[in-house]
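Below is one structure, written out as structure tokens; comments come after it.
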Amino acid sequence: MTRPLLNRRLAEFGTTIFAEMSALAARTGSINLGQGFPDTDGPEEVREAAVRALRDGHGNQYPPGPGVPELRTAIADHQRARYGLEYDPDREVLVTAGATEAIAAALLALVEPGDEVIALEPYYDSYAACVAMAGGTRVPVTLRPHEGRYVLDLDELRAAVTPRTRLILLNTPHNPTGTVLTRAELTAVAELAVERDLLVVTDEVYEHLVFDDAEHLPLATFPGMRDRTVTIGSAGKTYSFTGWKVGWTTASPELTAAVRSAKQFLTYVSSGPFQYAVAEALRLPDSYYDGLRADLQAKRDLLSDGLARAGFTVYRPRGTYFVTTDIRPLGADDGFAFCRSLPERAGVVAIPNAVFYDHREAGAPFVRFAFCKRADVLQEAVDRLGRLG
Ligand SMILES: *Cc1c(COP(=O)(O)O)cnc(C)c1O
């Protein structure tokens, strides 16, 4: 057989860097700050709610296609209470197998072969693969460091729109840079979408992980955006249960029906008992979110300060649980080589940001560390990195 097994759409996507780096961490006994998953579970009462659902037989058989009503209502209540956004739980909320399926279903539903999809670069790795599976063409717009923060170049964004542009795939708070898009940036995105009649799929899984005085502003709250925006959320990041894979979309009835058309043939349904538990999690009091933010902000500072002392240039994030660094002050400029040697040199694993770029050279000197780990683990990582210089 001369024809390759993997089809042309997916040929460029080998195994993810996370697999390589996690294997390297295990082999060398390194602290893994590569992949972004918490090393402690979320609230006990939410875990107990899942146990209760399992025991009581809630969700052990196929739940309804759009998600269990309790969860859809809780999602709608959350969007109203937090952001003043009204969604009908029956026609405008869809539960998915994590944000990952929501992204895939939205792109498979809304993109025709040949359509262009604008995404902020560096981007979450599933975006490129999902655009490819949908037969679309990705058009990256590069976020660039400016005065300590990654910023969106609005001229570059405007210039990226062509008659073939179908949608903008947005992500705020942004993984991996930790940028939280500002009101001015989001206003410009909204005005452009309205002017050029574009859809927007906005990945807001880090909506609750914002620090200092940063504020998460859902794109759907901007003028003209509610009915052209698919907003994606997830329980994984907000409640520290990444293994449960409960995500969702909120959007107009027409957009929700379209996304559901694709979703029903991907997983159909998932995570039955966990859906009931997440419905309860969404009703946690403000003190939960305040505690989560305070805890992560302290960890951000622990890791960021340690990385700065070790000689990295640090882009202190205003959201997410990742910190992006520049390795050039350490005399290196190739993030791949740096990350491959870091376990040997310092017993720590990180991810080269270049994997999140089409313009690999634009990402070459940047390296991402996750801080959703126990404080003692971060302290040990910082101590080890301190011996680099
Ligand atoms: C983690 C992550 C996801 C995936 O979320 P799941 O709910 O685990 O599928 C999607 N987008 C971004 C930006 C992420 O960091």
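Every number here is computed from the coordinates shown, using simple stated rules; none is lab data. It should be emphasised that the depicted structure is a prediction, and the values quoted were computed from it without experimental measurement. No Cβ is skipped: glycine too gets one built from the backbone with ideal geometry, and neighbour counts run over all protein chains shown.
Quick notes on this structure:
- Net charge of the neighbourhood of Ala354, taken over other residues with C-beta under 15 Å away and scored Lys/Arg +1, Asp/Glu -1, is -4.
- Label point at Leu10 placed 7 Å out along Cα→Cβ; residues across segment 130-158 whose backbone nitrogen lies under 11 Å: 130, 133
- Taking 0.36 nm per residue of separation and subtracting the current Cα-Cα distance, fully stretching the chain between Glu361 and Arg144 would add 76.9 nm.
- Eligible lysines near Lys263 by straight Cα distance, threshold 16 Å, same-chain separation 8 or greater: Lys245
- Averaging the sequence gap over all C-alpha pairs within less than 8 Å and six or more residues apart, then dividing by the number of residues, gives segment 182-227 a relative contact order of 46 percent.
- Neighbour counts of other Cβ atoms within 10 Å put Met133, Met225, Met21 in the fewest-to-most order Met133, Met225, Met21.
- Close amide-amide hydrogen proximity is noted between Thr96 and Gly247, Trp248, Thr249, each under 5 Å apart and 5 or more residues distant or on a separate chain (H modeled in the peptide plane; Pro and chain starts excluded).
- Amide proton proximity set for Asp115, modelled H, under 5 Å, gap of 5+: Thr137
- Range in the chain, longest, excluding exposed chymotrypsin sites (Phe, Trp or Tyr not before Pro) [loop by DSSP; at most 13 other beta-carbon atoms within 10 Å]: 1-264
- Largest GNM mean-square fluctuation across Gly135, Gly331, Gly14, computed for the chain with C-alpha springs under 10 Å, falls on Gly14.
- Lysines with Cα under 23 Å of Lys299, excluding same-chain neighbours fewer than 8 positions away: Lys237, Lys373
- For Val151, the residues 5 or more places off, or on other chains, whose built amide H falls under 5 Å of its own are Arg144, His146.
- The Rg/Rh ratio of the chain, with Rg taken over Cα atoms and Rh as the Kirkwood radius over Cα pairs, comes to 0.96.
- Scalar couplings 3J(HN,Hα) for segment 25-42, obtained by applying the Karplus form with A = 6.51, B = -1.76, C = 1.60 to θ = phi - 60°, are 4, 5, 5, 9, x, 7, 7, 8, 9, x, 6, x, 10, x, 9, 9, 6, x Hz; x denotes Gly and Pro.
- Loop sites in segment 131-231: trypsin sites (Lys or Arg not before Pro), DSSP, at most 16 other Cβ within 10 Å: Arg164, Arg196
- Computed 3J(HN,Hα) for segment 170-182, one whole-Hz value per residue from the Karplus formula 6.51 cos²θ - 1.76 cosθ + 1.60 where θ = phi - 60°, is 9, 8, 8, x, 9, 9, x, 7, x, 6, 10, 4, 7, glycine and proline marked x.
- Spatial separation of Cα centroids for segment 99-119 and segment 199-233, in angstrom: 17
- The relative contact order of segment 288-366 comes to 21 percent, based on Cα pairs under 8 Å that sit 6 or more residues apart.
- The chain: antiparallel DSSP beta bridges as a percent of all, rounded to 5: 50
- Rel. contact order, % - alpha carbon contacts under 8 angstrom, at least six apart, segment 115-211: 29
- Full-extension gain in nm, Arg345 to Ala26, via 0.36 nm per residue minus C-alpha separation: 113.3 nm
- Among Ala99, Ala53, Ala11, the largest mean-square fluctuation in a Gaussian network model of the chain (Cα springs under 10 Å) belongs to Ala11.
- Within the listed set Ser341, Ser271, Ser252, the residue fluctuating most in the Gaussian network model of the chain (springs between alpha-carbon atoms under 10 angstrom) is Ser341.
- Taking θ as phi - 60° and the Karplus parameters 6.51, -1.76 and 1.60, the scalar couplings of segment 293-305 work out to 5, 4, 4, 5, 5, 5, 5, 4, 5, 4, 6, 4, 5 Hz in sequence order, x denoting glycine and proline.
- Of the trypsin sites (Lys or Arg not before Pro) in segment 295-389, those whose Cβ has at most 12 other Cβ within 10 Å and which sit in DSSP loop: Arg374, Arg387
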